[in-house]
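The values are calculated or read from the model by the stated rules, or taken from the named source; none is laboratory data. None of these values were measured; they are calculated from a predicted model. Glycine gets a Cβ as well: all are built from the backbone with ideal geometry, and neighbour counts include every protein chain shown.
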Amino acid sequence: MARGKVKYNQLNEYQKKKYLGEFYTIVSLLRNRDEVKTFLKDLLTLSEVVMISRRIQAAKMLLEGATYEEIGQKLKMSTVTINQIEKWLNNGFGGYKNIIKRYKSKKEYKFKDKTYTPFSLTAIRKKYPLHFLLINLLAKK
């Protein structure tokens, strides 16, 4: 039996659908952040996780309007890689945009037209005003 790397193009359609379908199903069964974390730690090398994380950071920066030069300097990434990420953002299936949008909406809370970072003292004071009643009263003066 021949061993070695199997390339995507070498697989027949049945194998592609089977492998990818099972992978997507398995990923969809992950219930929370801890399960995702332990699964990816077992599945990927640390280097692969960092590489994927940097792609996500570049996608976030592109969506925020950063230039290739800014992204390249901050993430030590080539313009070729940044260009590929931008192609995925604009011509892909919408995965990057959807998940980054969902992440941003979870990451920030809005209180009376102001945005606060979760777990900041300001956000906690707004979320639990009675716990900070004296501090909030003193802050108004």
**Prompt:** Pairs, please: C-beta under 9 Å, at least 6 apart or cross-chain, first residue in the same structural domain as S53 (by TED's automatic domain parsing) and in the range 30-41, second among the β-branched types (V, I, T)?
**Reply:** L30/V36; V36/V27; F39/I26; F39/V27; L40/V49; L40/I52; K41/V49
**Unmet requirement for R3, which otherwise passes all of (1) closer than 27 Å to S53 by Cα; (2) outside the structural domain of I99 (by TED's automatic domain parsing)** = (1)
